1. What single numbered condition from (1) modelled with pLDDT of 90 or more; (2) of a type in the set (A, V, I, L, M, F, W, C); (3) assigned to a helix (DSSP H, G or I) fails to hold for Ile49?
2. Picking from Lys94, Lys84, which residue would you name as being at pLDDT below 85 and farther than 21 Å from Asp44 by Cβ?
3. From Asn54, Asn117, which residue is on the phi > 0 side of the Ramachandran plot and either free of Cβ contacts under 8 Å to residues at least 12 places away in the same chain or polar (S, T, N, Q) (or both)?
4. Within the bounds of the range 79-91, is there any residue that is outside any loop (DSSP other than H, G, I, E, B), surrounded by fewer than 17 Cβ atoms within 10 Å (Cβ to Cβ) and at negative phi?
5. Would a scan of the range 97-105 turn up a residue that is part of a helix (DSSP H, G or I), over 27 Å from Phe27 (Cβ atoms), over 12 Å from the mean Cα position of the chain (by Cα) and of a type in the set (S, T, N, Q)?
6. Which residues, taken from the range 131-147, are surrounded by 15 or more Cβ atoms within 10 Å (Cβ to Cβ) and more than 16 Å from the chain's Cα centre (by Cα)?
7. When you scan the range 132-148, how many residues do you find that are over 15 Å from Asp121 (Cα atoms) and not charged (D, E, K, R)?
8. Name the residue, out of Thr17, Thr22, that is at pLDDT below 90, hydroxyl-bearing (Ser, Thr, Tyr), loosely packed, with under 14 Cβ neighbours inside 10 Å and under 11 Å from the mean Cα position of the chain (by Cα).
Amino acid sequence: MNSVNLKDQLEELFHFTCDPNTEGWMFEIAEQMLDEFTWKLDKDKTHSIYFPVNTWGLSSCNWLAENCIAKMKNLRYIYMNEKKGDDPRSDMPKSIASILRACTDNNLQIHTLDLSNNFLDDDGAVSINEYLATNSTLDTLKMNNCGLGVKSPALL
């Protein structure tokens, strides 16, 4: 086995991909499903997470922030870049704020944050600004097609 294949396998081993919530689970049922998705996850070693935040509700994002993100001491890369459907979730900015707050509160050294294809609006811009004020390790911030509001540039 060459080193490239081994490196790819190790990357996959320490990466967590959460499936989209295609069933529209809500509240306790959604939290139970996230618990099932993450129960085998070695949170101490996980360095990257892909979470299609637009398919999960605020309570699910709060659960993920508290029960997973907060415990991922080696987390460096967060990808929340999938949009499902044409209707943006109104709780999207709060959902992303919850996850970013978990990163800040636990002093996680995030290097890459991809928020592309999410509806952030002005509230999302405030959350991102607060996060950027506390993060000194971020190298890459992707925010393509984010639905930022008219006031957002002044808030960032």
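The values are calculated or read from the model by the stated rules, or taken from the named source; none is laboratory data. The shown structure was predicted, so the numbers you read here are calculated from the model rather than taken from an experiment. Glycine also receives a Cβ, built like all others from the backbone with ideal geometry; neighbour counts cover every protein chain displayed.
1. Ile49 satisfies every listed condition except (3).
2. That would be Lys84, the only listed residue that is at pLDDT below 85 and farther than 21 Å from Asp44 by Cβ.
3. Only one candidate passes the filter, namely Asn117.
4. No, because not a single residue in the range 79-91 is outside any loop (DSSP other than H, G, I, E, B), surrounded by fewer than 17 Cβ atoms within 10 Å (Cβ to Cβ) and at negative phi.
5. No, because not a single residue in the range 97-105 is part of a helix (DSSP H, G or I), over 27 Å from Phe27 (Cβ atoms), over 12 Å from the mean Cα position of the chain (by Cα) and of a type in the set (S, T, N, Q).
6. Gly147, the sole residue that qualifies.
7. Number satisfying all stated conditions: 9.
8. So the residue among Thr17, Thr22 that is at pLDDT below 90, hydroxyl-bearing (Ser, Thr, Tyr), loosely packed, with under 14 Cβ neighbours inside 10 Å and under 11 Å from the mean Cα position of the chain (by Cα) is Thr17.
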